[in-house]
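Below you'll find the structure, written out as structure tokens, and then a few comments.
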Amino acid sequence: MTKNPTRTPIARRFKGKVALVTGGTNGIGYAIALELLREGATVAVTGLPADVAGGRAAFAAAGFSPLIRAGDMADETFCRRVVSDVLKLHGRIDCLVNNAFSFIAKGLDAAREDFERSFNVGPFAFALLTQLVAEPMKKQGGGAIVNVSSISAWIAQPNRWTYNTAKGAVAQLTRCAALDLAPHKIRVNSVSPGWIWTREVDKAAGGDRAKFDPIWGQFHMLGRMGHPVEIAGPVLFLLSNDASFITGTDLPVDGGYNGLGPEGLGQNTKIAGSK
Ligand SMILES: NC(=O)c1ccc[n+]([C@@H]2O[C@H](COP(=O)([O-])OP(=O)(O)OC[C@H]3O[C@@H](n4cnc5c(N)ncnc54)[C@H](O)[C@@H]3O)[C@@H](O)[C@H]2O)c1
């Protein structure tokens, strides 16, 4: 288990840019928002009401005070208000990171409401926010959007019909939105993280990181789980001008998860070439 690493900002690549990060009070979204702030962006984040005080304190401890709006991304009125508040306060939106998601993991037992919640917080809100920022971005002459997807968009996992279908929908939303927004110089991409130690994973581990981090780490070629800040760097790359010819695609940020075969890291295989 490695300690949460820190990242050196590449430059103030986002000076003068305004970014909105949903679910930016915790975990991966917080790491993305913080790195955007450290690279000069003006940032607004959303979070569930219970997470706002903690998020505000974490940003303050890092020396920042971004606009924070508390609410549920499944609530269309809230989504509209957030975008309108950012525009009123900051006058523009250059970057959108659709990150907040529902972690409902159900399969044969999934009820319609479970799917509805998964899609309402996930791809439906991603789509609505994309529509809402498209207009100001068009007027400004461009923008960049990154959708936080998952390895779960691309593979089967047990008891995950709800989460994995919602993430699968994010993949097609990313492509279709990228196509329609390309004429307006708005790029749309996604990142697909592997297992990242955040509170949802911590919950699944019953808080026992020392035990589960090394076990779940073996799902990745790198033999370890990832840190939120390791997702932030690739997201900032996709939002930046360095990615000016990249749109409609997904960047796996998964420590080699998706390339692993059934032999895993090879500990139990006695075939030529294995250790
Ligand atoms: N942690 C992982 O292993 C992992 C792996 C792949 C993908 N992801 C994806 O990364 C993203 C962030 O996950 P995380 O692990 O950082 O989660 P987290 O629980 O640490 O943080 C989630 C954030 O989203 C906000 N949020 C959650 N539901 C919301 C809602 N309905 N309305 C508004 N805000 C809401 C929370 O307040 C919080 O700020 C999600 O899209 C998740 O699917 C996570």
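In the range 230-244 there is at least one residue matching the filter, namely being in contact with a helix residue (DSSP H, G or I) (Cβ under 6 Å, 6 or more places away or on another chain), without any contact (Cβ under 8 Å) to a residue 24 or more places away in the chain and open to solvent by 60 Å² or more (accessible area, probe 1.4 Å). In the range 56-70, of all residues being touching a Lys or Arg at 6+ places or on another chain (Cβ under 8 Å) and farther than 13 Å from Y30 by Cβ, the one that is most open to solvent (accessible area, probe 1.4 Å) corresponds to S65. Of all the numbered requirements in (1) in contact with a Gly (Cβ under 9 Å, 6 or more places away or on another chain); (2) within 15 Å of Y257 (Cβ to Cβ); (3) open to solvent by 60 Å² or more (accessible area, probe 1.4 Å); (4) not in a loop (DSSP other than H, G, I, E, B), R175 misses one, and that requirement is (2). Among the residues of this structure, A53 counts as one that is open to solvent by 10 Å² or more (accessible area, probe 1.4 Å) and either within 15 Å of the ligand (Cβ to nearest atom) or under 19 Å from the mean Cα position of the chain (by Cα) (or both).
All of (1) within 21 Å of the chain's Cα centre (by Cα); (2) in a loop (DSSP other than H, G, I, E, B) hold for D213 with one exception: (2).
When the range 56-91 is limited to residues that are farther than 26 Å from S149 by Cβ and in a loop (DSSP other than H, G, I, E, B), the one that is farthest from the ligand (Cβ to nearest atom) turns out to be G91.
Can you run down the residue pairs with Cβ atoms below 9 Å, 6 or more apart or on separate chains, where the first is in the range 109-121 and of a type in the set (A, V, I, L, M) and the partner is part of a helix (DSSP H, G or I) and open to solvent by less than 40 Å² (accessible area, probe 1.4 Å)? Sorted first by the residue in the range 109-121, then by its partner, the pairs are A110/S118; A110/T162; V121/A166.
Just to be sure before I move on: is T6 closer than 30 Å to L222 by Cα, more than 12 Å from the ligand (Cβ to nearest atom) and touching a helix residue (DSSP H, G or I) at 6+ places or on another chain (Cβ under 8 Å) in the structure I sent? So T6 fits the description; yes.
The values are calculated or read from the model by the stated rules, or taken from the named source; none is laboratory data. Treat the numbers as computed from the prediction; the structure is a model and nothing was measured. No Cβ is skipped: glycine too gets one built from the backbone with ideal geometry, and neighbour counts run over all protein chains shown. The accessibility values were calculated without ligands, DNA or RNA, using every heavy atom of the protein model including side chains. Shrake-Rupley method; radii C 1.70, N 1.55, O 1.52, S 1.80 Å.
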